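Single-structure report; data block below.
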Ligand SMILES: *Cc1c(COP(=O)(O)O)cnc(C)c1O
């Protein structure tokens with residue numbers, strides 16, 4: 001499963017808050033593809049390959065109304081010739097009030113089915129094969145070993161060996177695990193959790209690691225109120241950062257990662273001379289959940 005994509009730039013940046021003795025660059029996975037953006041393609045790659053090897057033609061997966069994973073799966077399935085079924089959390093909206101994410105997924109041919117929040121919580125225990133026979137199930141967010149394996153390829157997209165630290169936003173921990181598995185032993189990998197109090201994530205990540213992996217840590221204090229919470233200070237930060245660097249960030253993941261990076265710089269977390277690689281995991285389509293004038297880009 002290969003995807004034709006743009007070369008991935010490694011973009012150095014500076015900012016008013018970046019100490020002069022620290023270098024920083026972003027790996028712009030957001031520029032991979034307009035919808036199969038960022039890390040989601042890497043999480044899907046070996047899942048789709050496994051589905052093909054199993055002789056399946058239909059992919060079933062899960063997500064909310066603004067899910068990056070849903071739209072990426074819809075687009076990747078269309079490109080790879082699979083039929084896609086999306087199990088969507090919450091009641092079906094009137095057709096004219098579909099989120100832009102779901103509209104796009106439907107345009108890519110994804111069949112959408114809505115289930116209550118309660119049923120959504122039980123989705124891992126549900127027998128989906130009796131309702132949708134002959135489908136290959138990809139867990140929510142592409143969270144499995146195949147997903148982590150795909151993410152091991154992220155650091156090969158550009159010359160990344162020279163960095164001392166690698167930062168990445170963390171939801172399910174799949175991307176972080178892939179990066180930890182493929183980073184060098186002298187690189188420190190730092191996950192920024194966007195969930196509040198998700199300390200069990202440490203075990204989840206550990207369960208996806210290979211025997212030889214880079215040192216890592218997961219920081220839990222930078223969720224800014226919890227998943228999908230977007231306080232004014234975050235919005236202001238994202239707008240300022242765009243003004244300084246012309247790099248757009250998303251409100252759920254990469255905005256919080258970059259905000260955490262700023263806080264860590266202000267706390268002198270990084271030794272002088274550190275070279276920091278920040279992974280832009282994409283997700284910009286989710287910014288359309290905001291009113292149009294909130295962000296400046
Ligand atoms: C899904 C997503 C993440 C989280 O990735 P995990 O592998 O679930 O930790 C990070 N950034 C963006 C933009 C995402 O869409």
Cα centroid separation - segment 255-297 against segment 191-217, whole Å: 19
Spatial separation of Cα centroids for segment 1-80 and segment 119-184, in angstrom: 11
With 10 angstrom as the radius, rank 253, 108, 120, 269 by how many other C-beta atoms surround their C-beta, starting from the fewest. 269, 120, 108, 253
Obtain the nm distance between the two label points defined at residue 275 and residue 107 by a simple spin-label model: each point lies 7 Å from its Cα along the Cα-to-C-beta direction. 4.0
Once you have a ≥ b ≥ c as the square roots of the Cα gyration tensor eigenvalues for segment 14-104, tell me rounded if a/c is under 1.5, and otherwise prolate or oblate according to whether a/b is larger than b/c. oblate
In nm, spacing of pseudo-spin labels at residue 5 and residue 217 (7 Å Cα→C-beta vector): 2.9
Can you give me the angle between helix 68-80 and the longest principal axis of the chain, using Cα atoms only, in degrees from 0 to 90, rounded to the nearest 10? 60
If we sort 139-150, 281-292 on the protection proxy, mean other Cβ atoms within 10 Å, highest first, what's the order? 139-150, 281-292
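What FRET efficiency comes out for the pair residue 233/residue 134, r = Cβ-Cβ distance, R0 = 45 Å, nearest 0.05?
0.40
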Give me the extension gain from residue 79 to residue 127: residue separation times 0.36 nm, minus the current Cα-Cα distance, reported in nm with one decimal. 14.5 nm
Please work out whether segment 162-261 counts as rounded, prolate or oblate from its C-alpha gyration tensor, where a ≥ b ≥ c are the square roots of the eigenvalues and a/c under 1.5 means rounded, while otherwise a/b larger than b/c means prolate and anything else oblate? oblate
Give the angle, between 0 and 90 degrees and rounded to the nearest 10, that separates the Cα long axis of helix 39-53 from the longest principal axis of the Cα atoms of the chain. 40
DSSP beta bridges in segment 1-147: the antiparallel percent, rounded to 5, is 20
For the chain, take the longest principal axis of its alpha carbons; what is the angle in degrees between that and the long axis of helix 254-266, to the nearest 10 within 0 to 90? 20
Could you line up 194, 189, 294 from fewest to most neighbouring Cβ atoms inside 10 Å? 294, 194, 189
Specify whether the C-alpha gyration tensor of the chain places it in the rounded, prolate or oblate class, a ≥ b ≥ c being the square roots of the eigenvalues: rounded for a/c under 1.5, otherwise prolate if a/b is larger than b/c and oblate if not. prolate
Of the candidates 101, 174, 217, which one comes out as most mobile in a Gaussian network treatment of the chain with C-alpha springs shorter than 10 Å? 217
What is the packing order of peptides 86-96, 44-54, 29-39, taking the mean over residues of other C-beta atoms within 10 Å and listing the highest first? 29-39, 44-54, 86-96
On the formula 1/(1 + (r/R0)^6), with r taken between the Cβ atoms of residue 15 and residue 98 and R0 of 30 Å, the FRET efficiency rounded to 0.05 is 0.20
In what sequence do 280, 83 fall when counting other Cβ within 10 Å, fewest first? 83, 280
Given R₀ = 25 Å, what would the calculated FRET efficiency be for residue 153 paired with residue 296, taking r from the Cβ atoms and rounding to 0.05? 0.15
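Every number here is computed from the coordinates shown, using simple stated rules; none is lab data. All values reported here derive from a predicted model rather than from experimental measurement. Note that we place each Cβ from the backbone using ideal geometry, even for glycine, and neighbour counts take in every protein chain shown.
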